[in-house]
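Some notes on the structure that comes next.
Coordinate-derived values only; no laboratory data. Every value quoted in this text rests on a predicted model; they were computed, and no experiment measured them. Cβ atoms come from the backbone with ideal geometry, glycine included; neighbour counts cover every protein chain shown.
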Amino acid sequence: MPAPTPTRIGLSSAEASAALARHGPNLLPQTGRRGFWRVLGSVLTEPMFLLLALAAGLYLLLGDLAEGVLLGAFAAATIGLVVAQQRRSERALAALRALGAPNAVVLRDGRVQRIAAAEVVPDDLLLVDEGERVAADGVLLDVRELAVDESLLTGESVPVRKRALAADEAADRAALPGGEHQAQIYAGSLVVSGEGLLRVTATGARTRSGAIGRALEVIDTEPTRLQRQTAHLVRLFGVLAALVSLGLLLFHGLTRGAWSEGLLSAIALAMAMLPEEFPLALSVFFALGAWRLAKLKVLARRSAVIETLGAATVLCVDKTGTLTENRMRVQLLDDGHARWRVGDGEAALTAPLQHLLEHALLATRRHTFDPIDRAVDTLAAGALEQSLRHREWRLERQYGLSAELPAMSQLWRDEHGRQRVASKGAPEAIASLCRLRDDQRDALLARVSALAADGLRVLAVAAGQGHGETAPADVRAFEFTLLGLIAFADPLRESVPQAIAQARAAGIAVKMITGDYPGTARAIARQAGLDSGAEAIVGSELAALDAPLLRARLAASNVFARIQPEQKLRIVEALKTRGEVVAMTGDGVNDAPALKAAHIGIAMGERGSDVAREAAGLVLLDENFARIVDAVRLGRRTFDNLRKVMLYIVAVHVPIAGLAMLPLLAGLPPLLLPAHVVLTEMIIDPMCTIAFENEDAEPGLMQRPPRALSEPLIGSVHLLLGLAQGAVLLLACLGVYAFALRAAADAEGARTLAFLALTAGNLMLVRANASHHAGATTSRRGYWWIALAAGGAVALCIGVPGLRDLFGFTPPAPAAAAAAIALGVCGGAALLPFKRLARVRAWLSGHPR
């Protein structure tokens with residue numbers, strides 16, 4: 001990219017602010033958001049609401065206005081509760097979208113700045129590079145081998161080449177996307193190769209993509225595997241509830257002739273059997289789980305990744321920026337005869353070392369955020385005279401890095417019109433460019449190995465001179481001379497050794513994959529406490545391994561060096577064939593296939609390309625390896641708490657359904673009617689989405705082995721545990737009801753005592769299932785507020801005469817009420833004594849011994 005000039009300094013900050021106020025943010029019309037009315041519409045079609053409406057209508061037909069109004073009020077309260085939870089989830093997703101919003105690089109005030117893409121305005125000078133999405137429509141002022149994929153606009157994925165607008169040429173505003181050699185570039189296009197400088201002509205809805213109306217959503221909220229399984233389970237329960245309720249209606253009507261009472265009881269039974277909390281709990285847990293991940297500096301772009309995190313068995317991570325701090329600084333210059341270390345006091349650079357640094361700078365891109373390039377630029381600014389920095393030279397061509405030649409070369413035209421070329425890159429590549437003899441190459445690599453053993457990243461630098469007016473297509477056409485080595489230090493992050501130890505304790509293997517020199521990789525692995533196992537596998541060796549040998553080597557080795565991005569995909573596939581659940585980090589365009597193939601693709605938030613971020617399920621916002629381990633811990637905690645809430649839902653629906661059906665079958669007065677079921681559901685719903693979601697992680701969570709990816713949320717053992725707990729509470733409530741009736745209490749009094757037992761047992765079930773370990777205490781305020789509200793609501797329904805009549809309650813004697821509550825608590829706490837058994841705790845955690 002050209003340096004800023006008087007005509008290319010970009011907008012000033014004041015001009016950009018005024019343009020943003022005038023044109024608005026650079027945002028496309030957003031689709032897919034669930035606004036209030038969409039959420040309300042989805043609630044109104046839920047089976048629970050339809051049953052409530054049916055029951056309210058039936059009461060009104062029977063002339064019982066008060067009961068009908070009560071159920072109508074419950075329906076409104078149910079709608080409000082569900083809408084509030086859904087809106088809470090939507091706000092969490094909206095916050096994630098804001099975190100994941102794309103960035104853009106602009107020239108403003110004569111400086112290169114990274115800003116939010118939403119802040120780009122017309123007339124901004126925008127720099128685009130390989131792997132980035134173009135943030136706005138514009139015309140190109142300068143290009144370097146620029147090719148873009150405009151399939152978002154045209155449907156054609158074949159890249160098209162771009163050119164710069166000629167000085168005397170007017171922009172063609174009627175040009176359509178997809179044409180070759182256009183000077184126009186469009187928002188949403190993907191830079192496949194090269195780079196360019198453009199002047200923005202349109203933003204937001206005024207761009208081509210805005211006119212078409214295609215918005216790229218940051219968060220993908222398609223149903224996950226667990227959500228699909230749960231929806232299937234709810235449908236099965238719905239069919240079962242319909243059949244059983246119909247049977248109850250027919251039994252009650254045909255044997256007793258009380259069709260209206262039978263219909264109300266059948267509705268109550270259907271409401272009691274429907275586990276509508278399943279999908280609500282899943283959606284809220286996933287949304288809030290993504291929000292919690294964002295607080296850890298990890299952005300979840302797909303809901304499914306949250307349920308997969310806890311099953312990860314292998315973490316494949318980059319070295320630079322993930323294990324290390326990505327704060328590159330030049331540590332040493334070596335011309336083969338003398339060495340100069342940064343910090344050597346007043347020691348001046350010799351002429352050969354100045355020549356080395358001069359050409360390292362000439363091989364460095366000018367407007368870039370690459371840490372190595374910036375390290376070279378920083379050192380050159382302080383160590384080289386202005387005349388050796390050659391800001392007046394004109395860049396004619398760039399020869400980018402490739403798998404075949406991992407070196408960056410730039411061709412310049414000096415003030416005398418001569419071609420000068422500089423290259424820096426992997427020592428093997430520079431040795432090839434300089435056509436070194438075998439002995440010279442071996443000597444060079446020996447010097448590299450000695451530096452790499454200290455954990456330094458080492459590049460070689462070469463200089464060449466052109467002999468013509470045109471630039472050759474292949475940089476190897478130049479004759480290069482080796483100038484020396486430049487070594488960079490990138491310190492290990494302090495949190496990495498502890499995080500690797502935590503991952504190992506959790507049964508997760510960590511494999512470091514880097515393009516760096518093997519010696520550097522081994523040194524960093526030692527510092528990180530990463531067991532390197534067998535000798536590090538280098539990319540050339542990996543390419544020669546067949547599939548069985550590769551799988552065997554993967555089991556023995558944790559360090560991979562000189563790996564090309566394309567080889568990451570092969571590593572992922574080989575690990576998956578071994579049955580591993582793979583998390584893979586990546587940042588470049590070529591990393592996208594591996595990120596997509598991994599169970600958990602993790603893109604880098606700061607240096608990652610847009611392509612990598614779009615292919616990944618997670619984006620690491622601060623690129624710290626410890627965040628990945630934290631995310632795994634949160635994924636395990638989320639799955640644990642989901643299993644707890646599902647166990648609770650199964651357990652609590654047993655007594656509700658039993659109390660709605662069994663008294664009628666036994667010839668007793670009906671116990672639970674629709675109003676009672678709804679009142680109980682008003683307690684269950686917030687418990688599911690607030691109390692359980694806020695539970696802390698289990699002790700020893702990260703000392704467990706990873707769960708199997710195919711492991712169901714509710715297995716047969718969990719289902720039986722839930723049914724057994726519910727059956728005990730059901731027996732306790734039925735016992736209270738039957739004893740009260742036998743003790744000459746009327747039906748209202750017996751119902752009141754049984755409902756007190758049910759409510760107390762319900763609250764106790766929450767505590768019994770909130771932890772895998774013995775004990776039923778909690779410091780979570782959410783639970784206690786809900787319990788207090790539930791107790792207050794039941795007290796009002798019993799104490800207020802109007803409500804008491806609507807629910808069919810009567811004030812009980814204090815001793816009888818206390819006994820009913822105590823029996824209910826005992827019924828809800830049935831699991832607690834058994835949690836002292838190691839086998840039961842293992843069943844609850846999903847890891848039976």
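FRET efficiency for the pair Ala166 and Ile115, taken as 1/(1 + (r/R0)^6) with r the Cβ-Cβ distance and R0 = 25 Å, rounds to 0.30. Counting charges near Thr752 (Lys, Arg +1; Asp, Glu -1) among other residues having Cβ under 11 Å from its Cβ returns a value of 0. Compared with the rule-of-thumb size 2.2 N^0.38 Å for a compact globular protein, the range 244-383 has a Cα radius of gyration ratio of 2.41. Per-peptide packing, taken as the mean over residues of other Cβ atoms within 10 Å, places 161-171, 233-243, 175-185 in the sequence 175-185, 233-243, 161-171 from highest down. Listed by chain and number, the aspartates and glutamates whose C-alpha is less than 15 Å from the C-alpha of Lys295, apart from same-chain residues fewer than 8 away, are Asp622, Glu623, Asp630. Working from label points 7 Å from Cα in the Cα-to-Cβ sense, the Glu15 to Ala555 distance is 6.5 nm.
For Lys424, the lysines whose Cα comes closer than 29 Å to its Cα, not counting residues fewer than 8 places off in the same chain, are Lys162, Lys319, Lys511, Lys568.
The trypsin sites (Lys or Arg not before Pro) of the range 402-508 that DSSP puts in a loop, and whose beta carbon has at most 16 other beta carbons within 10 Å, are Arg418, Arg435, Arg437.
How would you classify the range 352-456 from its alpha-carbon gyration tensor, with a ≥ b ≥ c the square roots of the eigenvalues: rounded for a/c under 1.5, else prolate if a/b is greater than b/c, otherwise oblate? Show your work: numbers first, answer last.
Working: a/c = 1.75, a/b = 1.44, b/c = 1.21.
Prolate, because a/c is 1.5 or more and a/b exceeds b/c.
Is the range 539-693 rounded, prolate or oblate when judged by the Cα gyration tensor, a ≥ b ≥ c being the square roots of its eigenvalues, rounded requiring a/c under 1.5 and prolate requiring a/b larger than b/c? It comes out prolate by the Cα gyration axes.
Where a ≥ b ≥ c are the square roots of the eigenvalues of the C-alpha gyration tensor, would you call the range 319-407 rounded, which needs a/c under 1.5, or, failing that, prolate if a/b is larger than b/c, or oblate?
Details: a/c = 1.62, a/b = 1.14, b/c = 1.42.
The shape class here is oblate.
Taking the Cβ of Gly138 as the center, what net charge do the other residues with Cβ under 9 Å away carry, scoring Lys and Arg +1 and Asp and Glu -1?
Details: positive: Arg199; negative: Asp124, Asp137.
With Lys, Arg at +1 and Asp, Glu at -1, the neighbours total -1.
Take the Cα of Ala822, step 7 Å toward its Cβ, do the same at Ala403, and the gap between the two points is 7.6 nm. The modelled label-to-label distance between Arg781 and Asn694, using points 7 Å beyond Cα along the C-beta direction, is 0.8 nm.
What is the gain in length, in nm to one decimal, between Glu711 and Arg366 on full extension, counting 0.36 nm per residue of separation less the C-alpha to C-alpha distance?
Values: separation 345, 0.36 × 345 = 124.20 nm, distance 5.14 nm.
In short, 119.1 nm is gained.
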